[in-house]
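Here the structure comes first, spelled out in structure tokens, and everything after it is commentary.
The values are calculated or read from the model by the stated rules, or taken from the named source; none is laboratory data. Note that this is a predicted model, so its numbers are computed, not measured. Note that each Cβ is placed from the backbone with ideal geometry, even for glycine, and that neighbours are counted across all protein chains shown.
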Amino acid sequence: MIANVIMFLLIAIGGGLGSSWYMIERGSPLTTLAAGPWTAWTTAGRADADPYTRAHFIRRGMLPVSSALALTFEALSDSEGQRLHSSCEYAIEGEEPRVRFWSISVFNEHGTLIPNAAERYAYNSATLLRSPGGRLGVSLARTARPGNWLPTTGAGRISLVMTLEGDGTTAPAQDGWQPPTIRRVSCR
């Protein structure tokens, strides 16, 4: 009898802690908006944010902008599901967001900008060199690439962050726009 009670408590506590960790780290369809490898926390920075969203940003030490004004997408893997790593080269390609302002940047696994000699950390709607078709195209690689290149140096695991800012009257990314694909080009 005591063994059954102990087993029940271990399962209940382990299941509770595990599900809480998952909800804080990854979220659910109720708390996040997922599009391919990209995830956005839909109530980030708002007074009515659920406890898991609040815990997610507290755990990461981040102060999010209200999702009513800006929507921040984060990608930890490429479009094939492989974890992003600085030893690989990636092509970020897609339709440019139809918002007032947007930016895309790359961070190391600790959530800080990656130091690099080029002092290049992000592109945005004002600084991106556009292709003839008007599509968004950015390269991630350790060494310089022509066009829109974000250096990853030897950062190890990396993450991409794309922030969309609306005009304050409508939420960003509500018009069917999809975040760009992240295609692995090669790895060393």
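Scanning region 49-61 for residues that are free of Cβ contacts under 8 Å to residues at least 40 places away in the same chain and assigned to a loop (DSSP other than H, G, I, E, B) gives ALA49, ASP50.
Applying the criterion of being among the β-branched types (Val, Ile, Thr) and in a loop (DSSP other than H, G, I, E, B) to the residues of region 1-42, the residue that is nearest to the chain's Cα centre (by Cα) is THR42. Considering the conditions (1) assigned to a loop (DSSP other than H, G, I, E, B); (2) modelled with pLDDT of 85 or more; (3) farther than 19 Å from ALA70 by Cα; (4) small (Gly, Ala, Ser), GLY133 is excluded by exactly one of them, (2). The set of residues in region 102-130 that are assigned to a loop (DSSP other than H, G, I, E, B), under 15 Å from ALA75 (Cα atoms) and not acidic (Asp, Glu) comprises HIS110, GLY111, THR112.
Taking region 136-168, which residues are out of contact with any strand residue (DSSP E or B) (no Cβ under 8 Å at 6 or more places or on another chain) and of a type in the set (Asp, Glu)? If the condition is that a residue be out of contact with any strand residue (DSSP E or B) (no Cβ under 8 Å at 6 or more places or on another chain) and of a type in the set (Asp, Glu), then ASP167 is the only one that fits. Of ARG60, ARG100, ARG83, ARG54, all but one fail to be surrounded by fewer than 17 Cβ atoms within 10 Å (Cβ to Cβ) and modelled with pLDDT under 85; the exception is ARG60. State all residues of region 86-97 that are surrounded by fewer than 22 Cβ atoms within 10 Å (Cβ to Cβ) and farther than 19 Å from PRO151 by Cα; if no residue qualifies, say none. Selection gives GLY94, GLU95, GLU96. The residues listed here are GLY45, GLY27; of these, the one that is modelled with pLDDT under 80 and in contact with a helix residue (DSSP H, G or I) (Cβ under 7 Å, 6 or more places away or on another chain) is GLY27.
Okay, residues lined up against (1) among the aromatic types (Phe, Trp, Tyr); (2) under 17 Å from the mean Cα position of the chain (by Cα):
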{"residue": "GLY81", "(1), (2)": "no, yes"}
{"residue": "SER103", "(1), (2)": "no, yes"}
{"residue": "PHE107", "(1), (2)": "yes, yes"}
{"residue": "ASN124", "(1), (2)": "no, yes"}
{"residue": "LEU129", "(1), (2)": "no, no"}
{"residue": "PRO146", "(1), (2)": "no, no"}
{"residue": "VAL161", "(1), (2)": "no, yes"}
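Just the residues that are among the aliphatic types (A, V, I, L, M), farther than 16 Å from THR112 by Cα and assigned to a strand (DSSP E or B), please, taken from region 62-84. Of everything in region 62-84, those that are among the aliphatic types (A, V, I, L, M), farther than 16 Å from THR112 by Cα and assigned to a strand (DSSP E or B) turn out to be ALA70, LEU71.
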